[in-house]
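Data block below; observations after.
Bear in mind that the values in this text are calculations on the coordinates, not laboratory data. Please read these numbers as outputs of a predicted model, since none were measured by experiment. We place every Cβ from the backbone using ideal geometry, glycine too, and count neighbours over all the protein chains shown.
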Amino acid sequence: MKTSENFGVQGELPSHPELLDWLALEFIRSDWDVKALHRLIVTSAVYRQSSAASMELIENDPENRLLAHGPRKRLSPNAIRDGVLFNSGLLVEKLGGPSVKPYMPPGIWSSISNAKYKIDTGDNLYRRSLYTYWRRTLPPPTMMAFNAAARETCIVRSDQTTTPLQALTLMNNITFVEAARHLAERVLNEKEISDRQRIERLFRMVTSRNPKPNELALLIADLNSYRTEFNQNVKAAERLLAIGEMPNGSGSTPAELAAFTLIANTVLNLDEAIMEN
């Protein structure tokens, strides 16, 4: 509903009160099992619909109040980071433990206080975003770029914006560049397959579908261009591959790995990679 943060007398009435009543009864019948309620919702036929909608439907129901198609929205900041780490094979899925301090732009903490931010090493760099150390006066910039709640007040939902900074974060943030390199390594470590098959495999891992012929042609052209460029400037390839703590695990040449890293970076920046459809 439009006023989910205000259930008082001034808030908007629910659009589907009978559905809310039924969900409430199911919640009670499950003995207040929150996970079971979440599972019930996300596995329902309504939620699992495609987000595609005809122009007529959009004109008649622009806010999808009739639930005639599935939701389409950007993933949460945590899910974006965790999804990228998962696709790259870097995500550490260990449960529990103290907060961790992943990559942070240098000098940010010292600009507002005498406190020091010491970046963690090893597995702690790749823990799920749930465990990221959070200072209320200085929240993680990567999360805030994607409209994470500042945690200064309790809110039900946060606004979503689309800004150039978000694209720059996905392209240049250490976590995302390092993840792109390891995603490239995953497909390069598959022997005796062609460039075309590697790109198809990489694309499918990120978007859950095969690339269209025109998309594949563009990515192959980009790969050949990057390969030529890095073969002519090996030092540039080595600088790219030096980003991030995790060492390279591919036997490919620097130029080859760097070229596929940029392809992986491109695919991870696609709208489909960060949207819930």
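With r as the distance between the Cβ atoms of A217 and A52 and R0 = 25 Å, compute the FRET efficiency 1/(1 + (r/R0)^6) and round to 0.05.
After rounding to 0.05, the efficiency reads 0.55.
What is the spin-label model distance, in nm, from T121 to E12 if the labels are put 7 Å beyond Cα along the C-beta direction?
5.3 nm
If the reach is capped at under 25 angstrom between alpha carbons, list the lysines near K101, excluding any in the same chain fewer than eight residues apart.
Filter leaves K116, K118.
If you take the square roots of the eigenvalues of the alpha-carbon gyration tensor of segment 179-277 and sort them as a ≥ b ≥ c, do you get rounded (a/c under 1.5), prolate (a/b over b/c) or oblate?
The shape class here is prolate.
Using modelled backbone amide H atoms (1.01 Å from N, in-plane), which distant-in-sequence or interchain residues come within less than 5 Å of M275's amide H?
L75
For helix 195-207, report the angle its Cα long axis makes with the longest principal axis of the Cα atoms of the chain; keep it between 0 and 90° and round to the nearest 10°.
Approximately 30 degrees, to the nearest ten.
Give me the Å³ per residue figure for the convex hull around the C-alpha atoms of the chain.
187 Å³
In nm, what is the difference between 0.36 nm times the number of residues separating R29 and N114 and their Cα-Cα distance?
25.4 nm
For Cα pairs less than 8 Å apart in space and 6+ apart in sequence, what is the mean separation divided by the residue count of segment 138-277, i.e. the relative contact order in percent?
Here the relative contact order equals 30 percent.
If contacts are Cα pairs under 8 angstrom and at least 6 residues apart, what is the relative contact order of the chain in percent?
It rounds to 19 percent for the chain.
Between N224 and S194, what is 0.36 nm times their sequence separation minus the Cα-Cα distance? Round to one decimal in nm.
Answer, rounded to one decimal: 9.5 nm.
Please list the non-local residues whose amide H lies under 5 Å from the amide H of T132, H modeled 1.01 Å from N, same-chain partners needing a gap of 5 or more.
V100
Gain in length, R151 to R209, computed as 0.36 nm per residue apart minus the alpha-carbon separation, to one decimal in nm?
17.3 nm
Using only C-alpha atoms and all pairs of different ones, pull out the Kirkwood radius for segment 74-163 in Å with one decimal.
Over segment 74-163, the inverse of the mean reciprocal pair distance is 14.2 Å.
Expressed as an acute angle from 0 to 90° and rounded to the nearest 10, what is the orientation of the C-alpha long axis of helix 77-88 relative to the principal long axis of the chain?
40 degrees
Quote the FRET efficiency, to the nearest 0.05, computed for A68 versus E276 with a Förster distance R0 of 25 Å and r equal to the Cβ-Cβ distance.
0.90
What number, rounded to the nearest 500 deg cm²/dmol, is the helix-based mean residue ellipticity at 222 nm of the chain, given -39500 (n - 2.57) per DSSP H run of at least four residues and division by all its residues?
The per-residue figure over the chain is -14000 deg cm²/dmol.
Using unit Cβ charges (K, R positive; D, E negative) and no other charged atoms, how large, in debye to the nearest 20, is the dipole of segment 17-71 about its Cα centre?
300 debye
Can you tell me the 0 to 90 degree angle between the C-alpha axis of helix 174-188 and the longest principal axis of the chain, rounded to 10?
In the chain, helix 174-188 runs at an angle near 70 degrees to the longest axis.
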